[in-house]
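Each remark here refers to the structure printed beneath this line.
Derivation of every value follows stated rules applied to the coordinates shown; laboratory data play no part. Since this is a predicted model, take the numbers as computed values, not measurements. Neighbour counts run over all protein chains shown; Cβ positions are idealised from the backbone, glycine included.
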Amino acid sequence: MLQLNFSPFPVLESERLHFRALRDTDVHEIFALRSNPDLMQYIPRPLLTKQEEALEHIKMIQDKIESNEGINWAMTEKGNDKLISLIGFYRTQNENYRSELGYMLLPEYQNKGYITEAIQTLLNYAFTEMGLHSVEAIIDPRNIASEKVLLKNGFRKEAHFVENCYHNGEFLDSVHYGILKQEYYNDTNTKK
């Protein structure tokens, strides 16, 4: 069975991005992400309404890292320590060597290729350091931008579940995308 260990915390870098541990001082940016109705429209979770809830969200993430259940990074631009994205692995299934990738990006940093670059960095970490066999991403089928970025990163559609999630008084569909370690390496080698 997969055994995860995120101590010491793995700081990552890509060409333009830096991935560090989430801190309480990121509360304003976490609140900006999780309280924005446009950003949250495809995420079936309640909107944050006060900064204390953002601090609780940060603590929940830190607790999951400490217990080796999952890991999230505060993504920043190199040379600027301000959080622009929260990205990481949720709902890890140790027995299946599989984890779910999730990400959010502040609106002013969208359409710059940052999430595509970040996903490549995290997939490399997932398959080389975490020892995962596969990574999944679950999105709302209306989230066309997220679908495009997943396909661009080598994910394939695995399933479309009809009205399998109940949120805010309505049943919602979800689409599951996935990538295997072998597919990632085949795709990476093809690009070289």
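How big is the gap, in Å, between the Cα center of segment 108-149 and the Cα center of segment 33-81?
With segment 108-149 and segment 33-81 each reduced to a Cα centre, they are spaced 16 Å.
Obtain the nm distance between the two label points defined at Cys165 and Asn5 by a simple spin-label model: each point lies 7 Å from its Cα along the Cα-to-C-beta direction.
Calculated label separation equals 3.4 nm.
Straight distance only, please: which aspartates and glutamates reach the Cα of Lys78 with their own Cα at less than 12 Å, same-chain residues fewer than 8 apart left out?
Glu13, Glu15
Give me the percent relative contact order of segment 12-191, please, defined on Cα pairs under 8 angstrom at least 6 residues apart.
After rounding, I find 17 percent.
List, in the order given, every pair from Lys59/Lys152; Lys112/Lys152; Lys152/Lys181 whose Cα-Cα distance in the structure shown is over 24 Å.
With Cα atoms farther than 24 Å apart: Lys59/Lys152.
Could you list Ser85, Ser7, Ser146 so that the one with the fewest beta carbons within 10 Å of its beta carbon is first and the one with the most is last?
Ascending number of Cβ neighbours within 10 Å: Ser7, Ser146, Ser85.
Please report the net charge: other residues with Cβ closer than 12 Å to the Cβ of Tyr42, K and R +1, D and E -1.
It works out to a net charge of -2.
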